[in-house]
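Enquirer: The structure under discussion is supplied below as structure tokens; questions concerning it will follow.
The values are calculated or read from the model by the stated rules, or taken from the named source; none is laboratory data. Since the structure is predicted, the reported quantities are computational estimates derived from the model, not experimental observations. In this analysis, Cβ positions are derived from the backbone assuming ideal geometry, glycine residues included, and neighbour counts consider all displayed protein chains.
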Amino acid sequence: MKIKTLTLLAGAAVVAFAPTAVMAAGKTIAVSWKTFQEERWKTDEAAIKAVVEAAGDSYLSTDAQGSAQKQAADIESLISQKPDVILVVAFDSDAILPSIQKINDAGIKSIAYDVQFEDPSALYITFDNVGVGRIMAQEMLKVKPEGRYAFIKGDKGDPNATFLFQGMMEVLKDSLDGGKITNVCETFTDGWKPDNAQKNMEQCLTSTNNGVDAVLSENDGMASGVVAALDAQGLAGAVPVTGQDGDLAAINRVAIGTQLVSVWKNSVDLGTVAAKAAIELANGADPTTIAGVAKFSGGKNGVEMNSILLAPTPITKDNVQVAIDAGHITKEQACAGVAAGSVAACN
Amino acid sequence: MAMQTSAGGPASANENAVQRFVRAAEIDTRMVGMLVAMLVIWVGFDIISSVLRPGGSGVFGGSFLTSRNLWILLVQTSTIAVMTTGMVLVIVLRQIDLSVGSMLSVVAVATGVLQVFHLGPMLGVGHPVIWIIAVAFALLVGAAIGFFNGVLIAYGQIPSFIVTLGGLIAYSGAAFLIASGVTVAPMDKAFKIIGGNGPLASIGPFWSWVLGAVGCVLIVVATIAGRRRRVRFHFTPKPVWAEFLTAFIACAAVLGTTAIVNSYLWPQRVAERYALENSIPIPPGIEDRNGLAICMAGDKVVNCVDGLSFQTGYPIPVLITLAVGLAMTFIARRTRFGRYVFATGGNPEAAELAGVNTKWLTVKVFTLMGVLVGISSVIASARLDAATTALGTLNELYVIAAAVIGGTSLAGGVGTIFGAIVGALLMQSLQSGMALLNVDSAYTNIVVGAVLVIAVYVDQVYRRRVK
């Protein structure tokens, strides 16, 4: 899987797309959301809306409220309003396919937003999930090139837990084979639950007699359990821990120093990039000419799609400022309990 | 009242020596069976772990029967154990509470939001009254939700299964809304102690021994008082040797546990930090990576065998569990409220005709359950040092399973607090042991589920035999 990652696309895109945006006025961009139960989708929506409205286009949306059936009906009603592009956040990536067919039949362009559905005519825009595991492992190798690694994986029923682990293994393979690092504990965590992660970490520390130098936890919630277990042994801060999601508490731990990194998928970036791509498509652009588009065939059935995979941002002690500047967290929240002078962003 | 499950009964002609002994000493064979099963599990885990990772300091060379693992095991059990004592009364009353997990989540998140987002900024982070307000608030919210459940069940006459099933779904939604799904952390420093982490979260060797000794004295006093009471009501007292034996075993168990929690030493880095902060001199010594004490080798602090070390003693959450267990046992066996619960569970119609206000009793039992959930939520969030919606998920199943494994009958009227706590310990032993062996959690779930069913099956067979 060859992936072209974008980092500063958002900034570059503003300049590049400005002229087309003016031309695009009057187009309609529709979004079929799967749910608004999680807080993040409101952030995504705000970002998309801002780009669309700034371009003088109109924004249209439906909320499937966590139901595949409602989403099918939603999409039909969107089609009847004749938008130029429909972004779909699929609730069920298989059940959505007949609806996508209807979008295609109506001559409307589609974007798979964040959740993949395997239709070759759609443009797939998401964060690079295998990349998150890779970034975690890279950040860890920077501080612990040698030593005993523990792996706290997510729920065994969630394919993401395995994707993340694959990403880590890609990076760590050489060091593991060369014996520089050893895998001392590796457990799945039921339901990605922090308290389960805490218990698993406690048992890991007991069985190895505290012989752990680094912990690769697959998300921030579990990292909080891992840090609590390490703290009980006086090891919090001494043993680096990874995480992802940019949880507010995790960013605070990064600033305090008990967590090494929180890999953050900024919904604002995702929404902005997707909205800009949607406007280009609405203007009749060929998907392959949009900046950052590459072929992706890493899905369940291996269908080749045009896709934009965004690189997530690793938040470490050195760049806490990024999350503060993006308005994701306040300085007070990020810096609570941080020793003066230890983190640049908190001074 | 059917709360005694001991085998004491009329002598029959054709019993052998063992049966005679068991009957005379009034040994609860069911409880003994459960304790033996637990011992087998513990020894098994220690032996298997010694094969997988040799060189452990456990009794059989593994890492399960070490003071460290047993200490952590007790702490890990506390959340479920506290709640299961209340679940015993709920089930004895022929009701069920499926909402305890979600209640724990909502109480933990609400308490977390209160102390981190409101009390912290208002009173200043680390203010000494924050933890008191937070704990009181948790108990109050727990009681309020439990009361609400109880009123719906008793006066709304909606089956408890439905009310609490609704609660299971609704309260987790409420927990999500309170903090809009974010993890609330870190907890107040003093509040955190309740979770058992850190040097101040245990009472140390001296007070642990004092507690152990007091426990022993109480056992002796209770034995004598119990004997007197039997004589007063013209019951046949146990033979003197049997009284001595049970008191001796109970006392040995208390002192043994005390010795185990005391022999768990502070983790080296915790000891090091404490020594540096309090200017306690660290003696010089030779580095030994497996040593549990700390020494100075040159200007570096290292692990060593003979050096500075601190004994841990009983951790706060375990003390809370013990206190709750004792209080609940007292409530169940010695108060009118407790007797009414067992009487109503045994035969609701008869109890009502005898003048028990069963509706109000139901409300009280569910309110008590809520308070216990409040206590558990404090322990759970203090231990994790964070409050999240995920905290408490599926706990209702473990709490009910612990009560049932511990001998509480879903038909109502029968159950003991002590048994339920042992049930909780048994389940946690399985989970921790398999995590220690790095077993995939899928297998752990299969084993825990199977143990639940087998325990109830064995119980049924046993009860039929006794009859």
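Enquirer: List, please: which pairs have Cβ atoms under 6 Å, are six or more places apart or on different chains, and start with a residue in the stretch B:1-30 that is under 26 Å from B:Gly346 (Cβ atoms) and assigned to a helix (DSSP H, G or I) and end with one that is modelled with pLDDT under 50 and among the aliphatic types (A, V, I, L, M)?
Expert: Listed pairs, sorted by first residue: B:Val22/B:Ala7; B:Arg23/B:Ala7; B:Thr29/B:Ala7.
Enquirer: Okay, next question. Counting just the residues of the stretch A:199-209 that are more than 7 Å from chain B (Cβ to nearest Cβ) and touching a strand residue (DSSP E or B) at 6+ places or on another chain (Cβ under 7 Å), which one comes out farthest from B:Leu437 (Cα to Cα)?
Expert: For the stretch A:199-209, the residue satisfying everything is A:Met201.
Enquirer: Could you identify the single residue in B:Ala387, B:Ala351, B:Ala435 that is over 19 Å from the mean Cα position of the chain (by Cα) and within 17 Å of B:Val106 (Cα to Cα)?
Expert: On the way: B:Ala351 fails: within 17 Å of B:Val106 (Cα to Cα); B:Ala435 fails: within 17 Å of B:Val106 (Cα to Cα).
It is B:Ala387.
Enquirer: Also, quick follow-up: For the stretch A:151-168, give me the residue count where each residue is surrounded by 23 or more Cβ atoms within 10 Å (Cβ to Cβ) and either within 9 Å of chain B (Cβ to nearest Cβ) or among the aliphatic types (A, V, I, L, M) (or both).
Expert: The total comes to 3.
Enquirer: On to the next question. Specify the residue that is farthest from B:Val116 (Cα to Cα); the eligible residues are those in the stretch A:238-259 that are facing chain B (nearest Cβ under 10 Å) and among the small types (Gly, Ala, Ser).
Expert: Ranking the candidates gives A:Ala238 first.
Enquirer: If you scan the stretch A:261-274, which residues turn out to be within 27 Å of B:Val113 (Cβ to Cβ) and crowded, with 24+ Cβ neighbours inside 10 Å?
Expert: Taking the stretch A:261-274 as the starting set, the residues that turn out to be within 27 Å of B:Val113 (Cβ to Cβ) are A:261-268.
Correct list: A:Val261, A:Ser262, A:Val263, A:Trp264.
Enquirer: Scan B:Leu425, B:Leu368, B:Leu361, B:Leu372 and give me the residue that is over 26 Å from B:Ala144 (Cα atoms) and at pLDDT 95 or above.
Expert: Going through B:Leu425, B:Leu368, B:Leu361, B:Leu372 in turn, the sole match is B:Leu425.
Enquirer: Output the number of residues of the stretch A:169-198 satisfying the condition of being more than 10 Å from every other protein chain (Cβ to nearest Cβ) and either on the phi > 0 side of the Ramachandran plot or surrounded by 21 or more Cβ atoms within 10 Å (Cβ to Cβ) (or both).
Expert: 3
Enquirer: Would you point out the residue of the stretch A:240-292, among those that are within 20 Å of the chain's Cα centre (by Cα) and charged (D, E, K, R), that is farthest from A:Val31 (Cα to Cα)?
Expert: That would be A:Arg253.
Enquirer: Please tell me if B:Gly346 is among the small types (Gly, Ala, Ser), surrounded by 15 or more Cβ atoms within 10 Å (Cβ to Cβ), farther than 23 Å from B:Arg68 by Cβ and modelled with pLDDT of 95 or more.
Expert: Values: among the small types (Gly, Ala, Ser): yes; surrounded by 15 or more Cβ atoms within 10 Å (Cβ to Cβ): yes; farther than 23 Å from B:Arg68 by Cβ: yes; modelled with pLDDT of 95 or more: no.
No, not satisfied.
Enquirer: Given (1) under 17 Å from the mean Cα position of the chain (by Cα); (2) modelled with pLDDT of 90 or more; (3) surrounded by fewer than 20 Cβ atoms within 10 Å (Cβ to Cβ), where does A:Asn104 come up short, assuming only one miss?
Expert: A:Asn104 satisfies all of (1) under 17 Å from the mean Cα position of the chain (by Cα); (2) modelled with pLDDT of 90 or more; (3) surrounded by fewer than 20 Cβ atoms within 10 Å (Cβ to Cβ) except (1).
Enquirer: Could you tell me which residue of the stretch B:259-306 is modelled with the lowest pLDDT, considering only residues that are surrounded by fewer than 17 Cβ atoms within 10 Å (Cβ to Cβ) and of a type in the set (Lys, Arg)?
Expert: Looking at residues that are surrounded by fewer than 17 Cβ atoms within 10 Å (Cβ to Cβ) and of a type in the set (Lys, Arg), I get B:Arg289.
Enquirer: Can you pull out every residue in the stretch B:175-191 that is among the basic types (Lys, Arg) and free of Cβ contacts under 8 Å to residues at least 60 places away in the same chain?
Expert: Matches in the stretch B:175-191: none.
Enquirer: Which one of the conditions (1) more than 14 Å from every other protein chain (Cβ to nearest Cβ); (2) crowded, with 18+ Cβ neighbours inside 10 Å; (3) in contact (Cβ under 8 Å) with a residue 60 or more places away in the chain does B:Arg339 fail to meet, given that it meets all the rest?
Expert: So the condition that B:Arg339 fails would be (2).
Enquirer: Now for a different question. Report every pair of residues separated by at least 6 positions or lying on different chains whose Cβ atoms are under 8 Å apart, first residue within the stretch B:428-445 and within 7 Å of chain A (Cβ to nearest Cβ), second among the aromatic types (Phe, Trp, Tyr).
Expert: Sorted first by the residue in the stretch B:428-445, then by its partner, the pairs are B:Leu436/B:Phe45; B:Leu436/B:Phe64; B:Asp440/A:Phe188; B:Ser441/A:Phe188; B:Ala442/A:Phe188.
Enquirer: Return a yes/no flag: does the stretch B:145-160 have any residue that is of a type in the set (Ser, Thr, Tyr) and surrounded by fewer than 22 Cβ atoms within 10 Å (Cβ to Cβ).
Expert: Taking every residue of the stretch B:145-160 in turn, at least one turns out to be of a type in the set (Ser, Thr, Tyr) and surrounded by fewer than 22 Cβ atoms within 10 Å (Cβ to Cβ).
Enquirer: Can you find a residue in the stretch B:362-382 that is touching a Lys or Arg at 6+ places or on another chain (Cβ under 6 Å) and either assigned to a helix (DSSP H, G or I) or in the same structural domain as B:Val163 (by TED's automatic domain parsing) (or both)?
Expert: First pass over the stretch B:362-382, keeping only residues touching a Lys or Arg at 6+ places or on another chain (Cβ under 6 Å): B:382.
Going one step further and asking which of them are either assigned to a helix (DSSP H, G or I) or in the same structural domain as B:Val163 (by TED's automatic domain parsing) (or both), we end up with B:382.
Yes, because at least one residue in the stretch B:362-382 is touching a Lys or Arg at 6+ places or on another chain (Cβ under 6 Å) and either assigned to a helix (DSSP H, G or I) or in the same structural domain as B:Val163 (by TED's automatic domain parsing) (or both).
Enquirer: Which of the following residues is within 19 Å of the chain's Cα centre (by Cα), in a loop (DSSP other than H, G, I, E, B) and β-branched (Val, Ile, Thr): A:Ile324, A:Ile329?
Expert: A:Ile329
For every residue, the table says whether it meets (1) in a loop (DSSP other than H, G, I, E, B); (2) among the hydroxyl-bearing types (Ser, Thr, Tyr); (3) surrounded by 24 or more Cβ atoms within 10 Å (Cβ to Cβ).
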| site | (1), (2), (3) |
| --- | --- |
| B:Ser57 | yes, yes, no |
| B:Gly62 | yes, no, yes |
| B:Gln76 | no, no, yes |
| B:Thr79 | no, yes, yes |
| B:Val82 | no, no, yes |
| B:Val88 | no, no, yes |
| B:Thr111 | no, yes, yes |
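Enquirer: In this structure, does B:Ala382 turn out to be away from chain A (no Cβ under 14 Å), in contact (Cβ under 8 Å) with a residue 60 or more places away in the chain, of a type in the set (Gly, Ala, Ser) and buried (at least 24 other Cβ atoms within 10 Å of the Cβ)?
Expert: Considered against the rule, which asks whether it is away from chain A (no Cβ under 14 Å), in contact (Cβ under 8 Å) with a residue 60 or more places away in the chain, of a type in the set (Gly, Ala, Ser) and buried (at least 24 other Cβ atoms within 10 Å of the Cβ), B:Ala382 comes out as no.
Enquirer: Related question: Consider A:Thr288 against the criteria (1) part of a loop (DSSP other than H, G, I, E, B); (2) β-branched (Val, Ile, Thr); (3) out of contact with any Gly (no Cβ under 9 Å at 6 or more places or on another chain): it satisfies all of them except one. Which criterion is unmet?
Expert: (1)
Enquirer: If you don't mind, another one. Within the stretch B:192-200, is even one residue touching a residue at least 40 places away in the same chain (Cβ under 8 Å), crowded, with 17+ Cβ neighbours inside 10 Å and β-branched (Val, Ile, Thr)?
Expert: yes
Enquirer: Kindly provide the set of residues from the stretch B:308-317 that are assigned to a helix (DSSP H, G or I) and either in contact with a strand residue (DSSP E or B) (Cβ under 9 Å, 6 or more places away or on another chain) or surrounded by fewer than 19 Cβ atoms within 10 Å (Cβ to Cβ) (or both), ordered by number.
Expert: The one that is assigned to a helix (DSSP H, G or I) and either in contact with a strand residue (DSSP E or B) (Cβ under 9 Å, 6 or more places away or on another chain) or surrounded by fewer than 19 Cβ atoms within 10 Å (Cβ to Cβ) (or both): B:Ile316.
Enquirer: Mind counting the residues in the stretch A:211-237 that are more than 26 Å from the chain's Cα centre (by Cα) and at the interface with chain B (Cβ under 7 Å from one of its Cβ atoms)?
Expert: Number of matching residues: 5.
Enquirer: Taking the options B:Phe148, B:Phe137, name whichever one is part of a helix (DSSP H, G or I), within 30 Å of B:Trp360 (Cα to Cα), more than 23 Å from the chain's Cα centre (by Cα) and without any contact (Cβ under 8 Å) to a residue 60 or more places away in the chain.
Expert: After ruling out the rest, the residue left standing is B:Phe148.
Enquirer: Now a separate question. Only one of (1) buried (at least 16 other Cβ atoms within 10 Å of the Cβ); (2) modelled with pLDDT of 90 or more is not met by B:Gly256, so which one is it?
Expert: (1)
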